[in-house]
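Structure first, commentary second.
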Amino acid sequence: MNTLEDRIRAAVVQTAEEIAPGSIRPLSLPDQVPSGRRTRAGRAPKAGRGSARWPRVLIPIAAARAHAARPGTGTDVLWASASGSTLIVSNASTVGVLAGGQFTPLPDAPDVGIMSAW
Amino acid sequence: VTALYEAHALGLVRLAYVMLGGRAAAEDVVQEAFGGLYRRWDQLSDADRALQYVCSPVLNGCRSALRRRRAQDIQAAHQPAAVSAETAALASEERREVMRALRRLPDRQREVLVLRFYLDQPETAVAQAMGISQSTVRSTAHRALAALGRLLEETR
């Protein structure tokens, strides 16, 4: 018995088979786009725009300086990792490494007041 | 991504072609879906499920293409793929009637019927691909079959 379901199945299968195997055009991938950086189709990312304004290494240093140089702390950032998660800081009394909320003073350096800068 | 495309492009283009009725549009939708997969490849939590990640964009792409085309006469939208005269002659009037009626259904009803009857997907897979519940799939399929039956009756 030719039910409605059978008619639909036959129609869609026959229609689909109009597309012959091997007749599909090859995949055309977009140019390499960094992960997580979305662009509209057909529009390439503007190369170098970000790096021209804020060189990558300056961003964490600038952020760390802004964070550490709060009023009253008197703390300087001597070095920051690329991600900004690790800093070497100093103030008038000590020098050490700030990472993950922990301050580790460099050997023979006094440990006074740095945590207030984190 | 290229290997996945080579393995599954035919099935997905055919699916989009059944939905859209136009070969070029179907290929564009599938190309865009794989382009999106390529851009997000590093963020996939499970690369083995990449095919699932590309199915939904294909369905979404079909919906978008149909929306763009809505102003046109939907019955005139079917642009048969380039086939031989012999093949075209063999295409039955019955099939054309069913496809015309299918394309007059609302998007969701058409998708449910195509996924169910073309891909032979169970309700759970249809629900997953469309992002709706199984009960919605069941009720939508019921309404779609009733509507399709009415549309086919009208053409007789």
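The values are calculated or read from the model by the stated rules, or taken from the named source; none is laboratory data. Being a predicted model, the structure only gives us computed values, none of them experimental. Neighbour counts are summed over all protein chains in view; Cβ atoms, including those assigned to glycine, are modelled from backbone coordinates with ideal geometry. Just the protein is used for accessible areas: all its heavy atoms, side chains included, with ligands, DNA and RNA removed. Shrake-Rupley method; radii C 1.70, N 1.55, O 1.52, S 1.80 Å.
So which residues in segment B:16-44 are more than 7 Å from chain A (Cβ to nearest Cβ) and either closer than 11 Å to B:Cys62 by Cα or among the acidic types (Asp, Glu) (or both)?
B:Ala16, B:Met19, B:Leu20, B:Gly21, B:Gly22, B:Ala25, B:Ala26, B:Asp28, B:Val29, B:Val30, B:Ala33 - these are the residues of segment B:16-44 that are more than 7 Å from chain A (Cβ to nearest Cβ) and either closer than 11 Å to B:Cys62 by Cα or among the acidic types (Asp, Glu) (or both).
Step by step: first the residues of segment B:15-46, then only those that are of a type in the set (Ser, Thr, Tyr) and open to solvent by 10 Å² or more (accessible area, probe 1.4 Å), then the one that is modelled with the lowest pLDDT. Which residue is that?
Result: B:Ser45.
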